[in-house]
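Colleague: Structure in structure tokens, see below.
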Amino acid sequence: MSEELRAGLRLGEYALEEPLGEGGFATVWRVRHHLWPERKAAVKVLRDKACAQQLKAEADCLAQLSHPGIARAIGIDLDSDPPYLIIELHEGQTLRQLLQEKTKLSPARTFAIFSQLVAALAHSHEKGITHGDLKPENVLIDSAGRVKLSDFGLGRIRASEASLMLSG
């Protein structure tokens, strides 16, 4: 990477604001569009260009999914230094953070969260895509209780589905 990541650095149309988290091969930042500041997103920035195909595979999975419970891909640039994937931002907390709070989840709230999660997973499975890394850190919940499944970095298109796509 030619330049260290820092707040204010531009990646395409978006400027980095603050880091949101780190995964196995990338760092996720909150970003804001440089012309339209009300447009916020998240960007997954690779630490190693050698992982660009993993990032493309994640983008390919997300491109096939259109569900209110799945964070959608907005853009990708594999030729950038560093390569990045822009994803819909879902502000709130992770399921892990929610579970670590001192108050117990009511049965109704638990059902609301998990029914949304199951609907998102059902959609991805209907499209032939498995998540591959389902854990509380990848389940995002906003203040209104809306759930988004994120991080399809280990997601895979099932071989039978991929062969149908190629033959179609």
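The values are calculated or read from the model by the stated rules, or taken from the named source; none is laboratory data. These numbers come from a predicted model, not from an experiment. Cβ placement follows ideal geometry from the backbone for every residue including glycine, while neighbour counts extend to all protein chains displayed. The protein model used for the area step is the full one, side chains on, heavy atoms only, and it has no ligands, DNA or RNA in it. Shrake-Rupley method; radii C 1.70, N 1.55, O 1.52, S 1.80 Å.
Colleague: So which lysines pass the test for Lys127, namely a Cα distance under 26 Å, with those fewer than 8 places away in the same chain ruled out?
Modeller: Counting by Cα, and skipping residues close in sequence, Lys127 has these lysines nearby: Lys44, Lys56, Lys135, Lys148.
Colleague: With labels modelled as points extended 7 Å from the Cα through the Cβ direction, what inter-label distance (nm, one decimal) is found for Ser143 paired with Ala7?
Modeller: Once both label points are built, they end up 2.0 nm from each other.
Colleague: For the chain, which whole percent of the accessible surface, found with a 1.4 angstrom probe, sits on carbon and sulfur atoms? It would help to have the intermediate numbers written out before the result.
Modeller: Details: 5050 of 9440 Å².
Carbon and sulfur: 54 percent of the exposed surface of the chain.
Colleague: Using a 1.4 angstrom probe on the protein heavy atoms only, line up Ile86, Ile74 by accessible area, largest first. All intermediate terms of the calculation are to be shown ahead of the outcome.
Modeller: Values: Ile86 10, Ile74 75 Å².
Correct descending sequence by accessible area is Ile74, Ile86.
Colleague: Once you sort the root eigenvalues of the Cα gyration tensor of the stretch 1-136 as a ≥ b ≥ c, which label holds: rounded (a/c under 1.5), prolate (a/b larger than b/c) or oblate (the other case)?
Modeller: Working: a/c = 1.97, a/b = 1.50, b/c = 1.32.
It is prolate, given that a/c is not under 1.5 and a/b is the larger ratio.
Colleague: In nm, give the distance between the simple-model label positions of Glu18 and Ser115, each being 7 Å from the Cα along the Cα-to-Cβ direction.
Modeller: Label at Glu18, label at Ser115, 3.4 nm between them.
Colleague: Right, next: Kindly report the accessible area of the chain per residue (heavy atoms of protein chains, probe 1.4 Å, no ligands, DNA or RNA), in Å². The partial results should precede the final answer.
Modeller: Values: 9440 Å² over 168 residues.
Per residue, the chain has 56 Å² of solvent-accessible surface.
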